[in-house]
Structures are given as C-alpha cells and as structure tokens.
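Starting off with a structure, shown below.
Where a number appears in this text, it was derived from the coordinates with a stated rule and is not lab data. As the structure is a computational prediction, the values presented were derived from the model and not from experiment. With ideal geometry, Cβ positions are generated from the backbone for all residues, glycine too; neighbour counts draw on all protein chains shown.
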Amino acid sequence: MTTPRSRHAARLRAHRRRAQARARWLALAVVVGVLVLITLAVTAFSGDGPSESPTGAASTSVPVTTTRPEPLVLATVGNLRVQSPVAEDGVTTVGFHDSGEGARVLQPVGPQANEGILARLWHRITGSTHRGLPWYLAQFMGDGVRIDSSPNYFFRGRTVAPRIAQALAGAAPRFLLILRNPVDYTASRFLLHRRTNGFRKRFGMVPEDLESLVAAHPEYLDESRYAALLERHWFSRFDRSRFRIVLFEEFVRSPAAGAAEIQAFFGLRPNPLTATPSSRNATLRHPVLHSIKRAIVRRTWLHAALRKNPVVQRMYDRWLVARAPKLTADRRAWLGDLLGDDVARLKILLGDPLTGWTDFP
C-alpha cells in the first residue's frame, strides 16, 4: 500500500527524470547549434584566395628565408609538376593566360580566384573546390610510397578501376582490401543509410527494415558480394599479386601482426603502430548531423581541432551517436543464405576457408 510519503518521492523522481531529459536535449541542441554556426561561418567567410582577377604579380613583399621552401605545385603537364621557387606564404595569386600554337597546355592546381559568382557560391557551400586528376596527383610530394585510402574505390570499381589503370599506365599499383563479414557489413551499411537519409536519395523511399528493402531492390546487396566485385572490375584489370586481402575480424584480433603484414606488402620498414581499442560501430542520430559532419570534415583544421577536444568527443559519443543493435540469429541466417554463393566463390579466389566468418561454414 502506497503512503503519501512514497507518492511524493515517486513524483520527485519523475520530476528529476524529466529535468534530466530536458537537460540532455538542451545540451544536444546547444552542441548542434554551435556546430551549425561554425559550419556556416567557415562556409561563408573562409577565403580560398583574393577576389580580384589574377592577371599580375602580387604587390606584397616576399619573406626572406634561409631554408629551402616546401614545394608548391602550380600546375601539371602530364606527369610533370611545375613548382614555385618561392615559399607558399609568399604567393597570393598566380596568373595563367593563353599562348600561341606549339605551347604546352598547363593544368592549374588549386582553386580559381576569378571563377564566376555562381561557381564560387556552389564551391563554398559544398567544399568541392579541389577536383580533378591533376590536383589529386599533385597532393603526393616526394618519391616515396604513395598511399591513398577509400572504401568507395572498391565498391565503385566499374568507374574507378579503369581510371586508375589509365592514370597509372605503366605503373604497378598495389591494393589493400580489409573485408568484413558481409553479413555484419550489410547490416551496418543499412543502418548508416537509414540515418543519413540515403534511401530517399537513392530509391525514393525509406524502407521499414532490411527485408523490405532487399525485396524491392535486391541490387542493394551487390556491394556485399565481394567476389563478384573483385572478378568483374579488379582482377580483370590488375594482376592478383598486386592485391593484399585482410579479414577485418583477424585484423581486430591481432592488430600488430596485421599491421606488420600490411607494411611488408607495401615495402615499408617495420614500424609499430598504436591503436586505441574502441567500438566505432555507431552512427549519428539524424541526417542533419551527418550534413554538418561532412561540412566540418572538409575543413581539415576544424575537424582536427574538434577531434582533439575531449569535451566535444564526450558530447559526440554520449548524445550525438547511436550504437548499432545486434543482429538476431534469424536475420543473420537470412543474410547468410543470400550471400552464401558469393562467399563460397570468394573462398576459392583467395584460397582461404574464411573460418572467421562463422555465418558461412
């Protein structure tokens, strides 16, 4: 039997819970508001260069230095890079103009200062001022091993593989693939697309669950069929010896051994790598947060500063992200049946029984 005192205590606890919930939502709103303001400020006011037409030399004085300046790439001609002998902080604008017949055509590197107002506005909003193969190749300085990473390269092999083959004709690039159990990868990818509003953009619908999506769009599983991607786009263009394929689960279990294997594959000196063990299988809670994050990531200095801030990281982990729920046994079995043929083919291609992927005995 409840007493007046117990009812009063219950009301106090309920009131305290509501106050804590309001405080959490207020903190979340403040964090989101601050990120939005920072993003808008950076987008609107960060300059990529002077607005006047780049037709003459800059009038500012060039700083005198006794050390060799870092190479500043101005343009490219095929594989040749045209570098400035002046330190980067002594250059504001470089002008290019047409020439007569027989002259070499330069491909300028960097943003165009006198582009149209609509182009400038679009590039400021999207952060996409750096584009094209000449700019991309110019980011690699020196004669050492050049390494780039992106999971999208592998999945978009239909367009990426021929471009790599053409751009690096005569070279022998090496490829590292870290493959996760396709059952776990599919579930994680589905959750990410749902929280980033990716389904509406791609399919014009928001599925209730993974089963309904696959029923309507079976091609959604194409990116989870690793063997088909390798055979169709990559092994047909590059020798198989140029690939090192590591299983994600094995790498997590033995990161030191995995790192040593990868470094040896690229011909790098053994160097112990440190990793912070943490679960990153989480996604932001709302599509708006993903838009803000993409805008911040494009500004490397801002992204680095926020990652180093412990207060921001605690807020991010506690309030802004949601952990992925565990798959049920029935759903794992269902995905295993759909992807089993491709995994069987992958075992043959790699000569590996893939015992770490327990969904595929």
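Under a no-solvent Debye model with one identical scatterer per Cα of the stretch 295-361, what's log10 I(q)/I(0) at q = 0.23 Å⁻¹?
Result of the Debye calculation: -0.93.
Pulled fully out, how much extra length does the chain show between R163 and A344, if you take 0.36 nm times their separation in residues and subtract their Cα-Cα distance?
Roughly 62.2 nm would be gained on extension.
Quickly work out the H217-to-N309 label distance, labels modelled 7 Å from Cα along the C-beta direction, and quote it in nm with one decimal.
3.5
How big, on average over all directions, is the shadow cast by the Cα convex hull of the stretch 173-324, in nm²?
Details: hull surface 46.0 nm².
Averaging across all directions leaves 11.5 nm² for the Cα convex hull.
Here's another thing I want to ask about it. In nm, to one decimal, how far is the R253 label point from the N197 one, both placed 7 Å along Cα→Cβ?
4.2
Here's something else I'd like to know. Hey, fewest Cβ within 10 Å first, where do D330, D209, D359 land in order?
The most exposed by this proxy come first: D330, D209, D359.
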